[in-house]
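Here the structure comes first, spelled out in structure tokens, and everything after it is commentary.
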Amino acid sequence: MITILKLADISISYSVDVPLITGFSCVIKPGQLRLLRGASGSGKSSLLSLICGTPDPALIWSGDMYLNDISLYPIPAEQRNIGLLFQDPLLFPHMTVAENLAFGLAETSRKNRHEAVLTALNQAGLDGFGDRDPASLSGGQAARIGLMRSLLAKPDALLMDEAFSSLDPDLREQFGGFVLSQIKQRHIPALLVSHDAGDALFASDEIIQL
């Protein structure tokens, strides 16, 4: 399914007197990765939590969000099918790398699950890493596994919150190129929020300044 993510006239704040984001709108097409750049406290992460359906109860907001012109507002968070990747890939320490990748494939047959995990490891350049403990992975390797775990669940859209911030410059560039290639290959819309304009050089199609 080809999906378009649309944000329409979004305004958010924690006080009516101090708006964080006012009247923000954008359209993210299939295979497109947009970078939303803003300083700390500008409302970037609050916007992502709103799209996911998990906003802070104290957040004041207006506007709407759509996937293929269907409003997300009435849809519970667990039914929105939106992938989320953080600065820390949050791999489960009690699972192997392969088990982490297979986490979102519980309803898939054992054979298909195994094949999907092997394919994901190959795409991440980590063939043979399936039985490893996540703690044994480097930062770049863990980031790739975290991304592939999110993508194996076949989300309709992918949101990334400072997903490159913990990596050194060389790894950020490599991981950014990998993310962009996966987004285009899978034809899903993706939004990355970051405080660093440098991420736009290798990990986005367009930069939006808050």
Show the residue pairs meeting these rules: Cβ distance below 7 Å; 6+ apart or different chains; first residue within segment 45-60 and within 15 Å of Ile82 (Cα to Cα); second residue of a type in the set (Phe, Trp, Tyr) and outside any helix (DSSP H, G or I). Leu50/Trp61; Pro55/Trp61
Within segment 4-25, how many residues are surrounded by fewer than 18 Cβ atoms within 10 Å (Cβ to Cβ) and either within 24 Å of Phe178 (Cβ to Cβ) or acidic (Asp, Glu) (or both)? 3
Scanning segment 61-74 residue by residue, those under 19 Å from the mean Cα position of the chain (by Cα) and in contact (Cβ under 8 Å) with a residue 24 or more places away in the chain turn out to be Met65, Tyr66, Leu67, Asn68
When you scan segment 101-210 for strands (runs of 3 or more DSSP E) that lie fully inside it, which ones turn up with 3 or more residues that are at negative phi and surrounded by 13 or more Cβ atoms within 10 Å (Cβ to Cβ)? 157-161, 190-194
Is it true that some residue in segment 106-124 is under 21 Å from Phe86 (Cβ atoms), touching a helix residue (DSSP H, G or I) at 6+ places or on another chain (Cβ under 9 Å) and hydroxyl-bearing (Ser, Thr, Tyr)? no
Mind checking which pairs have a first residue in segment 178-192 that is under 10 Å from Arg34 (Cα atoms) and at pLDDT 95 or above and a second that is in a helix (DSSP H, G or I) and among the β-branched types (Val, Ile, Thr), Cβ under 9 Å, 6 or more apart or different chains? Pro189/Ile183; Ala190/Val179; Ala190/Ile183; Leu191/Ile51
Please pick out the residue among Gly41, Gly31 that is assigned to a loop (DSSP other than H, G, I, E, B) and over 19 Å from the mean Cα position of the chain (by Cα). Gly41
Close pairs (8 angstrom Cβ cut-off, 6 or more residues apart or separate chains): in contact (Cβ under 8 Å) with a residue 60 or more places away in the chain in segment 114-130, of a type outside the set (A, V, I, L, M) anywhere: none
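The values are calculated or read from the model by the stated rules, or taken from the named source; none is laboratory data. Just so we're clear, the structure is a prediction, and the values are computed from it rather than from any experiment. Backbone-built Cβ (ideal geometry, glycine too); neighbour counts: all protein chains shown.
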